[in-house]
Amino acid sequence: MKTPNVTCRGVGKVFGKGELAVKALVDVDLDIMPGDFATLAGPSGSGKTTLLNMVGALDTPTSGEVTIEGQPLGKLNKSELSDLRLNRIGFVFQAYNLIPVLSARENIEFVMELQGIPANERKTRAQQVLAEVGLKGLDNRRPSELSGGQQQRVAIARALVSRPSIVLADEPTANLDSKTTSELVALMYRLNQELGITFLIGTHDPRVMEHSRRHIELLDGRIASDTKI
Amino acid sequence: MTNTLKTFTPLAWRNLWRNPRRTVITLIVVSIGLWSVLFFNSFLNAWMQASKDATLSLLIGQGQIHAPGYLDDPSIEALMPPPSGKLLAALNDPRISNWVARLQLPGVVESEYKTLPINIMGVDPEAEKHISSIPGKVVEGHYLTSTSDAGVVIGLHLAERLKTGLGRRVILMSQNTEGKLSEQSFDVIGLFDADQATEDYYAFTGIKAAQQYVGLKNQIAQIAFAIPVEENLDPVLSKLKQAAPDLDIRSWKELSVYLATSDSFMKGFIYVWLAVVFSLMAIGIVNTQLMAVFERTHEFGLLRALGMKSRRVLLLVTLESTFLIGFGVLLGMLLSGLSIYALSGGIDLSGFAAGLEMAQGGQVLFPKLDPVAFLVFSLLVWLLGILVALWPARRASRLSPVEAMRYAS
Ligand SMILES: Nc1ncnc2c1ncn2[C@@H]1O[C@H](COP(=O)(O)OP(=O)(O)OP(=O)(O)O)[C@@H](O)[C@H]1O
Ligand SMILES: [Mg+2]
């Protein structure tokens, strides 16, 4: 039996207090296993982003516990949570994923610099991941000189450069046209298949779900279904 | 830390130029602010110097020697012989450019209309010309011609008050060596134009004539000396004190408390100005930096989400303001250096001379660049600027990643 990369046990999240309290997540139990390529769907407001934030150590649950690689997050302080995000989790957000004043390669190198990886190694690894996401030769372009799809590819390259335990993507294709969306999902799927990168992707988009190997459906903050495909 | 700086420096540099307009505004605010402090400082110093020179060159010199007790009670009993021996040798020190002996006696001057208090000054006209500006300020008639010249030179304002004038006679009265009042009439041979206090309270005559008039042989009341280089003042003073331990030897600072106080007041005033300018600058810096941070809310959220610690965000933003304010400071230094240099040939204020005369200011100012003040003020503005910019930087570092990310760019 493999140990899960991420576990959620009884995770709940309430925003606000009293009358205005919103139960964004209710008693969520979830195991993300190594090599999963999972999609997280559900209507708007069902709690997808909230759950991804919990799993990504960006926010803390009001009840229950999230564990990453056997490490319960509740026991970590802010600085340790930062380090965990830096070293063990990859993020791809909907848009504005990149630092605008840095080139594609510098954006990727920046995370490695924070990790303290030496310069020569940074450069080769950044070039390698850029090639993996199909952006060979675009190293020196600034985000403003890249298309939306290319920008998301850079974000994916950055997310996987430190071989994280999990890559969390929240609506990564929301701003892309359908062709670019298909290409991007195909890319993520290939990275999952070839490199064994674990993905959890929050999305509404049926074209994303097409490649899904595991489909999780949220409804009003609860897991309504969790099916392997 | 050095690695972090190496990573952040290029990033901070590029971030500076994301909003060139704002960067330029901050640069202007900082550089003009610093310029106003540095330029004002040297202008004020030049003005202080000019007004000090003007005052001291009237009569005081850089220092004076009296018999003990004279300054408290300037009577005919508290006089001293002319310098000789060791004191004379010390006075001829090359650091003393000139010195004069004077007989100064309190007395009254009387005309047909009025009797007014006065200091009767017996002087050596030739020597005075080298140390005092008064001989050059005679605007009607002429200055004294010899030590035994028994004419009197008085101020324009005094002549007006006495309703007397050139060629008329006035009576001078003063205590003589026998403890009686000497009374003698003198021809008014010259009128001088100086500040009102000097015009009102001094009447000049030949020193020999004055000595004779009160029954003295060669005794004097005062030696005034000029030391052109300020740094030489204290060493020469102690040398003189060694040469004449029984005499009362004082520098201009002790002689003119007013001048010494206004000197330190002016020096203090520049700090008041610095505080005012800096407060305005601080408002500008904090505003623009807060705006810069606000605009980049999403990006700071992203950086934190990616695992950058809050103190590194603080460092990054502080580095940006360090550069920004640093460049403003450099620009301000350059601007100040250039404008001070451009005016170092002298600023002619003779147009305002009437106003300045009241404050005994000189008419031409020579702003100089004081390197220590220059660097100290610049550094101060830089460090204080970084300090106030910490506030916006702290804001950036304390943003919650989730909240900041919800904030669309
Ligand atoms: N910071 C917050 N403060 C208050 N309520 C919040 C906050 N964040 C989320 N919520 C609420 O929690 C619920 C879940 O929101 P969440 O953003 O996770 O939904 P979602 O599934 O990602 O929706 P969408 O598809 O629109 O992105 C919603 O009702 C939302 O209004
Ligand atoms: Mg969402």
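The values are calculated or read from the model by the stated rules, or taken from the named source; none is laboratory data. All figures in this text were calculated on a predicted structure; none of them were measured in a lab. Methodologically, a virtual Cβ is constructed for each residue, glycine included, from the backbone with ideal geometry; neighbour enumeration extends over all protein chains shown.
Among (1) away from ligand 2 (no atom under 16 Å from the Cβ); (2) closer than 21 Å to A:Ser165 by Cβ, which single condition is A:Leu51 missing?
(1)
Tell me, please, whether a residue that is modelled with pLDDT of 95 or more and within 15 Å of ligand 1 (Cβ to nearest atom) can be found in the range A:71-91.
Within the range A:71-91, one or more residues are modelled with pLDDT of 95 or more and within 15 Å of ligand 1 (Cβ to nearest atom).
Find the residue count for the range A:1-36, including only residues that are within 16 Å of ligand 2 (Cβ to nearest atom) and either of a type in the set (Ser, Thr, Tyr) or within 14 Å of another protein chain (Cβ to nearest Cβ) (or both).
Counting residues in the range A:1-36 that are within 16 Å of ligand 2 (Cβ to nearest atom) and either of a type in the set (Ser, Thr, Tyr) or within 14 Å of another protein chain (Cβ to nearest Cβ) (or both) gives 4.
In the range A:75-91, which residue that is at the interface with chain B (Cβ under 8 Å from one of its Cβ atoms) and charged (D, E, K, R) is nearest to B:Leu306 (Cα to Cα)?
A:Arg85
Condition (residue is among the acidic types (Asp, Glu) and more than 11 Å from ligand 1 (Cβ to nearest atom)) applied to the range A:48-63: is it met by at least one residue?
No - not one qualifying residue is present in the range A:48-63.
Just to be sure, is B:Val272 surrounded by fewer than 22 Cβ atoms within 10 Å (Cβ to Cβ), in contact with a helix residue (DSSP H, G or I) (Cβ under 7 Å, 6 or more places away or on another chain) and closer than 30 Å to B:Trp391 by Cβ? It would help to see each step written out before you state the result.
Details: surrounded by fewer than 22 Cβ atoms within 10 Å (Cβ to Cβ): yes; in contact with a helix residue (DSSP H, G or I) (Cβ under 7 Å, 6 or more places away or on another chain): no; closer than 30 Å to B:Trp391 by Cβ: yes.
For B:Val272, the condition - surrounded by fewer than 22 Cβ atoms within 10 Å (Cβ to Cβ), in contact with a helix residue (DSSP H, G or I) (Cβ under 7 Å, 6 or more places away or on another chain) and closer than 30 Å to B:Trp391 by Cβ - is not met.
Looking for whichever is within 39 Å of the chain's Cα centre (by Cα), more than 16 Å from ligand 1 (Cβ to nearest atom) and surrounded by fewer than 15 Cβ atoms within 10 Å (Cβ to Cβ) here; the options are B:Val372, B:Val381. Which one fits?
The conditions single out B:Val372.
Does any residue in the range B:258-270 that is at negative phi come within less than 7 Å, Cβ to Cβ, of a residue that is assigned to a helix (DSSP H, G or I) and among the β-branched types (Val, Ile, Thr) six or more places away or on a different chain, and which pairs are these?
From the range B:258-270, the pairs are B:Leu259/B:Thr55.
Among the numbered conditions (1) away from ligand 2 (no atom under 16 Å from the Cβ); (2) modelled with pLDDT of 95 or more, tell me where A:Thr39 comes up short.
The single condition A:Thr39 does not satisfy is (1).
Can you pull out the residues in the range B:20-58 that are within 18 Å of the chain's Cα centre (by Cα) and among the aliphatic types (A, V, I, L, M)? Lay out the reasoning, then the answer.
Taking the range B:20-58 first, the residues within 18 Å of the chain's Cα centre (by Cα) are B:36-58.
Selection gives B:Val37, B:Leu38, B:Leu44, B:Ala46, B:Met48, B:Ala50, B:Ala54, B:Leu56, B:Leu58.
Would you please list the contacts, defined by Cβ atoms under 6 Å and residues six or more apart or on different chains, that run from a residue in the range A:195-223 that is farther than 25 Å from A:Val22 by Cβ to a residue that is away from ligand 2 (no atom under 16 Å from the Cβ) and of a type in the set (D, E, K, R)?
A:Thr198/A:Asp36; A:Arg214/A:Asp36; A:Arg214/A:Lys228
Residue by residue through the range B:208-227, note down the ones that are assigned to a helix (DSSP H, G or I) and under 14 Å from B:Met80 (Cα atoms). Break it down stepwise before answering.
Just the residues of the range B:208-227 that are assigned to a helix (DSSP H, G or I), to begin with: B:208-214.
Selection gives B:Gln211 alone.
Restricting the range A:124-135 to residues that are under 23 Å from the mean Cα position of the chain (by Cα) and free of Cβ contacts under 8 Å to residues at least 24 places away in the same chain, which is farthest from B:Lys6 (Cα to Cα)?
Applying the filter and picking the extreme gives A:Ala131.
Suppose we filter the range B:104-114 for residues that are in contact with a helix residue (DSSP H, G or I) (Cβ under 9 Å, 6 or more places away or on another chain) and either surrounded by fewer than 18 Cβ atoms within 10 Å (Cβ to Cβ) or over 25 Å from B:Lys217 (Cα atoms) (or both); how many remain?
Summing the residues that are in contact with a helix residue (DSSP H, G or I) (Cβ under 9 Å, 6 or more places away or on another chain) and either surrounded by fewer than 18 Cβ atoms within 10 Å (Cβ to Cβ) or over 25 Å from B:Lys217 (Cα atoms) (or both) in the range B:104-114 gives 5.
Quick one: which of B:Leu280, B:Leu302 is of a type outside the set (S, T, N, Q), in a helix (DSSP H, G or I) and crowded, with 17+ Cβ neighbours inside 10 Å?
B:Leu302 is the lone residue from the list that is of a type outside the set (S, T, N, Q), in a helix (DSSP H, G or I) and crowded, with 17+ Cβ neighbours inside 10 Å.
Residues checked against (1) at pLDDT 90 or above; (2) buried (at least 16 other Cβ atoms within 10 Å of the Cβ):
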{"residue": "B:Gly167", "(1), (2)": "yes, no"}
{"residue": "B:Ser174", "(1), (2)": "yes, yes"}
{"residue": "B:Gly179", "(1), (2)": "no, no"}
{"residue": "B:Asp200", "(1), (2)": "yes, yes"}
{"residue": "B:Ala203", "(1), (2)": "yes, yes"}
{"residue": "B:Ala224", "(1), (2)": "yes, yes"}
{"residue": "B:Val229", "(1), (2)": "yes, no"}
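In the range A:153-179, which residues are more than 16 Å from ligand 2 (Cβ to nearest atom), away from every other protein chain (no Cβ under 13 Å) and in contact with a Phe, Trp or Tyr (Cβ under 9 Å, 6 or more places away or on another chain)?
Within the range A:153-179, A:Ile166 is the sole residue that qualifies.
If B:Leu88 passes every condition in (1) in contact with a strand residue (DSSP E or B) (Cβ under 9 Å, 6 or more places away or on another chain); (2) surrounded by 13 or more Cβ atoms within 10 Å (Cβ to Cβ); (3) without any contact (Cβ under 8 Å) to a residue 60 or more places away in the chain but one, which one does it miss?
Condition not satisfied by B:Leu88: (1).
Please determine, by comparing only the residues of the range A:20-40 that are surrounded by 15 or more Cβ atoms within 10 Å (Cβ to Cβ) and near ligand 1 (Cβ under 9 Å from one of its atoms), which one is farthest from A:Thr3 (Cα to Cα).
That would be A:Lys23.
Give me a count of the residues in the range B:296-322 that are closer than 18 Å to A:Tyr96 by Cβ, within 7 Å of chain A (Cβ to nearest Cβ) and charged (D, E, K, R).
1
Out of the residues in the range B:392-403 that are part of a helix (DSSP H, G or I) and out of contact with any Leu (no Cβ under 8 Å at 6 or more places or on another chain), state the one that is nearest to ligand 1 (Cβ to nearest atom).
From the range B:392-403, those part of a helix (DSSP H, G or I) are B:392-398, B:401-403; that's our starting set.
Then keep just the ones that are out of contact with any Leu (no Cβ under 8 Å at 6 or more places or on another chain); that gives B:398, B:403.
Numbers: B:Arg398: 16, B:Glu403: 7 Å.
Filtering first and then ranking leaves B:Glu403.
For a quick check of your reading of the model, give me the residue pairs whose first member lies in the range A:49-69 and is over 14 Å from B:Ser400 (Cβ atoms) and more than 9 Å from chain B (Cβ to nearest Cβ), whose second is surrounded by 23 or more Cβ atoms within 10 Å (Cβ to Cβ) and polar (S, T, N, Q), with beta-carbon atoms closer than 9 Å and at least 6 apart or on different chains.
What qualifies is A:Ile68/A:Asn5; A:Glu69/A:Asn5.
So the check is Cβ under 6 Å with 6+ separation or different chains; which pairs have a first residue in the range A:104-121 that's within 8 Å of another protein chain (Cβ to nearest Cβ) and a second one that's assigned to a helix (DSSP H, G or I) and of a type in the set (Val, Ile, Thr)?
A:Glu113/B:Thr7
Of all residues in the range B:337-359, which are in a helix (DSSP H, G or I) and at pLDDT below 80?
B:Ser350, B:Gly351, B:Phe352, B:Ala353, B:Ala354, B:Gly355, B:Leu356, B:Glu357, B:Met358
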